[in-house]
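The values are calculated or read from the model by the stated rules, or taken from the named source; none is laboratory data. All values reported here derive from a predicted model rather than from experimental measurement. Note that we place each Cβ from the backbone using ideal geometry, even for glycine, and neighbour counts take in every protein chain shown.
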Amino acid sequence: MWKDLKEKAISIKWKQYVLVSDRVLYFNEVYKNGSIQTERYYDENTGREIFKAIVVPDMDKPERIFTGYSQAIWGDGYINKNSAMENAETSAVGRALAFLWIWVIDSIASPDEINKAENQNAGQTKTDRLREAIESASTIDKLMELQPHIAKTCVSDKQKQFFENLHTKKYKELNDQSDGENLAEQKF
């Protein structure tokens, strides 16, 4: 099986990589008494899917575990437009298997993780930048310019609702400030 698995390696960005699906098949064949478990955490505020994968090679020795984490944001990139949950779960499993050293050839980081790191603007996603822009808007006019970006940036209904609520809250805050300034001017 080892030889078969190595033959399944593909080259991505000049590095050899064995797909998670092949490593899971290998794990199930070699570690018959093993277990792969995942736990999902979802942040409604950001649309961030976070997965923790736990790989136990031998259930008779449950203290020997390998853990991997991964995250993905709905709508952030082509794959996450429709499959952020699945992408995050697969990556977490891949990382946990990599820590068990199942066919890590060049790197524990998957090609997807490397691409994410290279493509993110100073570690921020589109939703992070939108949230920051809304929260830091100093005038109602600047805030209103951000309104069309909500529909363009958000993919899930929950995420869209979060940003619409954030936008409305900021609008009320700026409106209250402007009313307070007008009242202060009227008193003098």
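Quick rundown of the values:
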item: Filter result for the condition that a residue is in contact with a Phe, Trp or Tyr (Cβ under 6 Å, 6 or more places away or on another chain) and either under 30 Å from E132 (Cβ atoms) or assigned to a strand (DSSP E or B) (or both), over A84, A53; result: A84
item: Test: residue in the stretch 58-67 that is over 16 Å from L19 (Cβ atoms), at pLDDT 90 or above and part of a strand (DSSP E or B); result: yes
item: Residue satisfying all of: in the stretch 14-57; among the acidic types (D, E) and at pLDDT below 95; surrounded by the most Cβ atoms within 10 Å (Cβ to Cβ) among these; result: E49
item: Pairs with Cβ under 6 Å, 6+ apart, first in the stretch 42-70 and more than 22 Å from T90 (Cβ to Cβ), second assigned to a loop (DSSP other than H, G, I, E, B); result: D58/N33; M59/N33
item: Tally of residues being assigned to a loop (DSSP other than H, G, I, E, B) and within 19 Å of the chain's Cα centre (by Cα) across the stretch 25-45; result: 2
